[in-house]
Amino acid sequence: MGGGLMDSSRLAEHFGRRLWRHRRLACLSQEELGRLLDMHRTEISQLERGLRVPRLDTVLKLSAGVEASPCDLIAGLRWQPGSHDLLGGAYAEGGSGAAAAGKRVVQ
C-alpha cells in the first residue's frame with residue numbers, strides 16, 4: 001500500500017483481496033473453504049468483497065483454512081503511533097469501529 005491512512009472500507013477491501021488471493025493459491029472454492037471452516041460460502045464472499053470486517057478469531061480461522069500465516073492475510077496493515085487510524089487500514093483503538101463505520105463484524 002502507499003502508506004496512506006485507510007478507513008474501515010479500505011481495510012476490508014485490502015483484507016478481502018489478500019484472502020481471495022490466498023484462497024485461490026490453496027485451490028479452494030468459496031464453498032470448499034466454507035465447508036472446511038464451518039462457515040457459510042456467503043460469509044467468505046462478503047469478506048473477499050470487502051463488505052465485512054473480520055474479527056481476530058475469524059482471521060485465524062481463515063488463515064488456517066488457506067494454509068497461510070495470519071500475517072499473510074493482514075500484510076501491509078500497520079499502526080501509526082499517535083493516530084486513530086492504521087497505515088494500510090484497521091483500527092488503532094480496540095472496540096468495534098466496524099459497527100460505527102457500518103461494517104458488519106464477522107463472528
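Can you run down the residue pairs with Cβ atoms below 9 Å, 6 or more apart or on separate chains, where the first is in region 20-33 and part of a helix (DSSP H, G or I) and the partner is of a type in the set (Ser, Thr, Tyr)?
From region 20-33, the pairs are His22/Ser63; Arg23/Ser29; Gln30/Thr42; Gln30/Ser45.
Residues to consider are Gly89, Gly102; find the one that is part of a loop (DSSP other than H, G, I, E, B), under 12 Å from the mean Cα position of the chain (by Cα) and modelled with pLDDT under 95. Break it down into steps so the answer makes sense when it comes.
Values: Gly102 fails: under 12 Å from the mean Cα position of the chain (by Cα).
After ruling out the rest, the residue left standing is Gly89.
Residues checked against (1) at pLDDT 95 or above; (2) touching a Ser or Thr at 6+ places or on another chain (Cβ under 9 Å):
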position	(1), (2)
Leu36	yes, no
Arg41	yes, yes
Leu51	yes, yes
Val66	yes, no
Asp85	no, no
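Gly2 is checked against (1) surrounded by fewer than 16 Cβ atoms within 10 Å (Cβ to Cβ); (2) at pLDDT 95 or above; (3) part of a loop (DSSP other than H, G, I, E, B) and fails just one. What number does that condition carry?
(2)
If you check Asp72 against the conditions, is it assigned to a helix (DSSP H, G or I), among the acidic types (Asp, Glu) and within 11 Å of Arg18 (Cα to Cα)? Walk me through how you get there before you give the answer.
On the way: assigned to a helix (DSSP H, G or I): yes; among the acidic types (Asp, Glu): yes; within 11 Å of Arg18 (Cα to Cα): yes.
Against the criterion (assigned to a helix (DSSP H, G or I), among the acidic types (Asp, Glu) and within 11 Å of Arg18 (Cα to Cα)), Asp72 qualifies.
What are the residue pairs meeting all of these: first residue in region 59-87, first residue within 17 Å of Leu28 (Cα to Cα) and loosely packed, with under 14 Cβ neighbours inside 10 Å, second residue at pLDDT 95 or above and of a type in the set (A, V, I, L, M, F, W, C), Cβ atoms under 8 Å, and 6 or more apart or on different chains?
The qualifying pairs are Ala64/Leu37; Glu67/Ala26.
Which members of region 34-60 meet the condition of being closer than 14 Å to Gly16 by Cβ and part of a helix (DSSP H, G or I)? Lay out the reasoning, then the answer.
In the first step, residues of region 34-60 are kept if they are closer than 14 Å to Gly16 by Cβ; the result is 42-54, 58-59.
Once the filter is applied, which keeps residues that are closer than 14 Å to Gly16 by Cβ and part of a helix (DSSP H, G or I), region 34-60 yields Thr42, Glu43, Ile44, Ser45, Gln46, Leu47, Glu48, Thr58, Val59.
The values are calculated or read from the model by the stated rules, or taken from the named source; none is laboratory data. For clarity, every value in this text was computed on a predicted model and none was experimentally measured. With ideal geometry, Cβ positions are generated from the backbone for all residues, glycine too; neighbour counts draw on all protein chains shown.
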